[in-house]
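The values are calculated or read from the model by the stated rules, or taken from the named source; none is laboratory data. If you're wondering where the values come from, they're calculated on a predicted model, not measured in any experiment. As a convention, Cβ positions derive from the backbone with ideal geometry for all residues, glycine included, and neighbour counts pool all protein chains shown.
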Amino acid sequence: MSGPQLRTVVADTSALVSLAVPRADATYDTGAAPDPFQYLLTSCEVFVPPTVVDELRDLTQYQDIHGAAATTVLAAREHYTVLDPYERAETSDSRPTFGLDDGETDGIVLANALEVDGFLTDEFGGTNFAVIHAVLQGPRIVPTPRLICEYARNGHLNGGAARDLLTTIGAHRSWDNSPYVMRLRELLE
């Protein structure tokens, strides 16, 4: 695990939901165990485009852990900044076509415009990862599982706690069979 510590990030919907899953999981005690969503909000200046807020609102209609996690993210609204990337002088007035969903696309445009340290996403497999990597013009792509490993590297939590978080979140976010996540687990040992 390497790279400079993240100070500024733009986050997409899936990453925020993943980081809030432990708070929404009744079997995980964020009072006693690490809370990755809180770490994000206290260790970085976090920006999101309005489309991410809209996607989070859409998710709250579901009566499942993802809806509960989205509700948690929206409740923390005072701890992140919502900025419209298309209202900035250095960006186009319209959304580019990257082949990604609107939240990811707008997040990339915002990340590039703000020149943040990283773009936080749950994309770490398939072609979307390559597309995001290609269209980021300075910020590095930071997959959510990698961020959790970075928290261990930076001393926010130990390797065992990071592995527990990968397991807790992964059970709800289909990370269990991911070779990427498996490799990160190995690096934590």
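Data for the structure
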| item | result |
| --- | --- |
| Residue within segment 162-169 that is loosely packed, with under 14 Cβ neighbours inside 10 Å, in contact (Cβ under 8 Å) with a residue 12 or more places away in the chain and either under 14 Å from Leu6 (Cβ atoms) or under 13 Å from the mean Cα position of the chain (by Cα) (or both) present | no |
| Exclusive hit being closer than 22 Å to Ala20 by Cβ, among the acidic types (Asp, Glu), at pLDDT below 95 and assigned to a loop (DSSP other than H, G, I, E, B), set Glu90, Glu123 | Glu123 |
| Count of residues meeting criterion [within 23 Å of Phe129 (Cβ to Cβ) and among the β-branched types (Val, Ile, Thr)] in segment 56-90 | 1 |
| Matching entry among Ala89, Ala20, Ala24 (being of a type in the set (Gly, Ala, Ser), without any contact (Cβ under 8 Å) to a residue 60 or more places away in the chain and closer than 20 Å to His156 by Cα) | Ala20 |
| Some residue of segment 137-155 being over 17 Å from the mean Cα position of the chain (by Cα) and among the hydroxyl-bearing types (Ser, Thr, Tyr) | no |
| In segment 126-157, the residues that are more than 20 Å from Ile169 (Cα to Cα), surrounded by 15 or more Cβ atoms within 10 Å (Cβ to Cβ) and either modelled with pLDDT under 90 or of a type in the set (Phe, Trp, Tyr) (or both) | Asn128 |
| Test result for Phe98, surrounded by fewer than 23 Cβ atoms within 10 Å (Cβ to Cβ), in contact (Cβ under 8 Å) with a residue 24 or more places away in the chain and of a type outside the set (Val, Ile, Thr) | yes |
| Residue within segment 59-79 that is surrounded by fewer than 20 Cβ atoms within 10 Å (Cβ to Cβ), closer than 30 Å to Ala152 by Cα and at pLDDT below 95 present | no |
| Of residues in segment 172-189 being aliphatic (A, V, I, L, M) and in contact with a helix residue (DSSP H, G or I) (Cβ under 9 Å, 6 or more places away or on another chain), the one surrounded by the most Cβ atoms within 10 Å (Cβ to Cβ) | Val181 |
| Segment 1-37, subset among the hydrophobic types (A, V, I, L, M, F, W, C), surrounded by 15 or more Cβ atoms within 10 Å (Cβ to Cβ) and over 17 Å from Gly170 (Cβ atoms), residue modelled with the lowest pLDDT | Leu6 |
| Some residue of segment 38-55 being charged (D, E, K, R), part of a helix (DSSP H, G or I) and crowded, with 17+ Cβ neighbours inside 10 Å | yes |
| Lone qualifier among Arg163, Arg183, Arg173 - being of a type in the set (Lys, Arg), at pLDDT below 95 and farther than 27 Å from Ala68 by Cα | Arg183 |
| Within segment 128-142, tally of residues that are touching a residue at least 60 places away in the same chain (Cβ under 8 Å) and either assigned to a helix (DSSP H, G or I) or not basic (Lys, Arg) (or both) | 2 |
